[in-house]
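Undergrad: Before I ask anything, let me first share the structure, which is written out below as structure tokens.
The values are calculated or read from the model by the stated rules, or taken from the named source; none is laboratory data. Remember, predicted model here, so these are calculated numbers, not experimental data. As a convention, Cβ positions derive from the backbone with ideal geometry for all residues, glycine included, and neighbour counts pool all protein chains shown. Calculation scope for accessible area: heavy atoms of the full protein, side chains included, ligands and nucleic acids excluded. Shrake-Rupley method; radii C 1.70, N 1.55, O 1.52, S 1.80 Å.
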Amino acid sequence: MMKFYISATGIKKLTISSSAAVSSGRGGVGLPVGMKGKGLPPVTRRISHRTLLLPAVLVLGLLLTLLFFRITFIMLESAAFCSSPIGCLGWRIFGGSDSTRLREELMRALLEVTNIDGDNGIERSSTSLPSSFNDLVKDMTSNGQDIKAFAFKTKAMIMKMEQMVESARQSESIFWHLASHGVPKGIHCLSLKLAEEYAENAAARSRLPSPQYVSHLIDPSFHHVVLLTDNVLAASVVVSSTIKSSSIPERLAFHIVTDKKTYTAMHAWFAVNSVNSAVLEVRGLHQYDWPHEVNIGIKEMIEIHRLICSHKLDSMKMENIPNKYEHEKDLQHLRPSCTSLLNHLRIYIPELFPNLNKIVFLDDDTVVQHDLSSLWELDLNGKVVGAAFDSSCGDDCCPGRKYKDYFNFTSPIISSKLDYDRCGWLYGMNIFDLQAWRKTNITATYHHWLKLNLNSGFELWNPGAFPPSLIAFEGHVHRIDPSWHIAGLGYRSIINVTQSVLEDGAVVHFSGPAKPWLEIGAPEIRSLWSRHVNMSNEFIRKCGIME
């Protein structure tokens, strides 16, 4: 019998038992390792096979141990981050990287969450959401939730945050519009000081214009400019800028119409600060003696506009914060002009000036930068009003001024009458042929649509004088070059208007809530208006205008 003895340093000797010695003719003889004996198999080959077996077993045991710990770690990790721990296990053992697998699982979870009950399920859980990202992490780690739960809560938090941001944006827009109601203390002071001056100073009550120039007020050869305003400072800027820009200011005749409350202050300003190179009159509404039917029509018009604005305001209050405002024009009812008599009286210009044939109408929030003389010579081709349509962005380009921005096209009354994508013309700098106007039924059409809107529950258009005017003047508008009138400077979208466009505009119009005399006015363009304010005037300095 053959035996092996293995020491710590390897196999040293080979001992053969007595039975083997007898058969071989040798007894108890020790042979060195590797010695070949006659009739014996090769010892070296048999020893090498057995020698490799033990290290292989040892290595295999070590690998199995490491694999056990790896599987255990992956299982524990997958339980927290994978929606399918077994799936994660298979992927990560057989070649998938941790980052790739995590990304795959996260994308899958996000897609699944997106399709769960629309967004209703997420909205229902919004009350139990973590209030911050740190709270979300704590919630996920402490409760051991999977990646699907993480995606669900993350989306819910983002949706809630988006709703809060949108609500805050709309609230800010509403407050911004409400700020346009304010009258700066400087302008209020100016009106009070001028009213006091009218009462105490005979010069402030002097006739406007002087008797020798009264005939110029109805002379068709003069360039007649009409303003309807109760803002003394604004009126002074319009008059001053028009005269400075005119090549023939001596042919200008200004007609300023104001209300009874502002009449004394307005008259005092232009009486004390006389316009030497032009003719100017100031008239209060209380000085007009209209026919009874005109008075009835005006009262009816103002009442319907007041009801329209009140209805819109009540609807907003019921919703607390409006669900959605696509355009700033949706907040028209928050502006002072919504119920202003002077703002709505423009539809009665032929009655206001029965002796005039052709006028240029200017809003009080405009500034004239270039000579307007050629407007009075403009051929309107039989139309009633000359107006700019396009903006500086090109032909048929009128962002925020298409009919769809003013009218409710879900109403069959509107959709059957108007074109959804038509551009609205600009109101605020217009040339009117009053002779042509008097031959039409424009004012009657305006009243007809006001009553139609009243009977339709005030749902045909956004509040304001402009939407019914678009309908009333349909077919009576002559297109003029857009450089005559650059509007919208009172909206926040003014950042899209280039400096060169502003400089080339004959008239720049601060239409919108942000008037240049208010703190919310855009400072980068306010100088277009403020440079026409006479800062050396005694009343301007005393009242701290523009400080």
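Undergrad: Answer yes or no as to whether Gly490 is at positive phi and open to solvent by less than 60 Å² (accessible area, probe 1.4 Å).
TA: So Gly490 does not fit the description; no.
Undergrad: State all residues of segment 435-459 that are open to solvent by less than 10 Å² (accessible area, probe 1.4 Å) and more than 13 Å from Phe473 (Cβ to Cβ); if no residue qualifies, say none.
TA: Correct list: Leu450, Asn453.
Undergrad: Just to check your reading of the model, which residue among Ala253, Ala265 is over 25 Å from Lys358 (Cβ atoms), surrounded by 15 or more Cβ atoms within 10 Å (Cβ to Cβ) and modelled with pLDDT of 95 or more?
TA: Result of the check over Ala253, Ala265: Ala265.
Undergrad: Which of the residues that make up segment 484-503 are of a type outside the set (Phe, Trp, Tyr), touching a residue at least 60 places away in the same chain (Cβ under 8 Å) and in contact with a helix residue (DSSP H, G or I) (Cβ under 7 Å, 6 or more places away or on another chain)?
TA: Passing the criteria: Ile486, Gly488.
Undergrad: In the set Ser173, Ser167, Ser191, which member is modelled with pLDDT of 75 or more and hydroxyl-bearing (Ser, Thr, Tyr)?
TA: One residue alone meets the criteria, Ser191.
Undergrad: If Leu502 satisfies every condition in (1) open to solvent by less than 20 Å² (accessible area, probe 1.4 Å); (2) under 30 Å from Glu377 (Cβ atoms); (3) outside any helix (DSSP H, G or I) but one, which is the exception?
TA: So Leu502 meets the others, but not (3).
Undergrad: Of all residues in segment 460-486, which are open to solvent by 30 Å² or more (accessible area, probe 1.4 Å) and either assigned to a loop (DSSP other than H, G, I, E, B) or within 21 Å of Ala235 (Cα to Cα) (or both)?
TA: Glu474, Gly475, His476, Asp481, Trp484
Undergrad: Can you tell me which residues in segment 272-307 are in a helix (DSSP H, G or I), in contact with a Ser or Thr (Cβ under 9 Å, 6 or more places away or on another chain) and open to solvent by less than 20 Å² (accessible area, probe 1.4 Å)?
TA: Answer for segment 272-307, where residues must be in a helix (DSSP H, G or I), in contact with a Ser or Thr (Cβ under 9 Å, 6 or more places away or on another chain) and open to solvent by less than 20 Å² (accessible area, probe 1.4 Å): Gly297, His305.
Undergrad: Continuing with the same structure: Without any contact (Cβ under 8 Å) to a residue 40 or more places away in the chain and under 28 Å from Lys193 (Cα atoms) - does that describe any residue in segment 294-313?
TA: Within segment 294-313 (the criterion being without any contact (Cβ under 8 Å) to a residue 40 or more places away in the chain and under 28 Å from Lys193 (Cα atoms)), the answer is no, since none of the residues qualifies.
Undergrad: Quick one: how many residues across segment 505-525 are outside any loop (DSSP other than H, G, I, E, B) and over 21 Å from the mean Cα position of the chain (by Cα)?
TA: Matching residues across segment 505-525 total 2.
Undergrad: Right, here's the next one. If Lys312 satisfies all but one of (1) among the basic types (Lys, Arg); (2) within 30 Å of Ser241 (Cβ to Cβ); (3) modelled with pLDDT under 95, what's the number of the condition it fails?
TA: Lys312 satisfies every listed condition except (2).
Undergrad: Do you know which residues across segment 502-544 are touching a strand residue (DSSP E or B) at 6+ places or on another chain (Cβ under 9 Å) and hydroxyl-bearing (Ser, Thr, Tyr)?
TA: Listed by number, the list holds a single entry, Ser511.
Undergrad: Separate question: Scan segment 220-240 and report the pairs whose first residue is more than 16 Å from Leu342 (Cβ to Cβ) and whose second residue is open to solvent by 10 Å² or more (accessible area, probe 1.4 Å) and of a type in the set (Ser, Thr, Tyr), with Cβ atoms within less than 9 Å and a gap of 6+ or a chain change.
TA: Listed by first residue and then by second, the contacts come to His223/Ser246; His223/Ser373; Val237/Ser530.
Undergrad: Any idea which residue in segment 411-434 is most open to solvent (accessible area, probe 1.4 Å), counting only those that are in contact with a helix residue (DSSP H, G or I) (Cβ under 9 Å, 6 or more places away or on another chain) and assigned to a helix (DSSP H, G or I)?
TA: Ile413
Undergrad: Taking segment 227-250 as the region of interest, how many residues are crowded, with 21+ Cβ neighbours inside 10 Å and over 25 Å from Ser527 (Cβ atoms)?
TA: Number of matching residues: 1.
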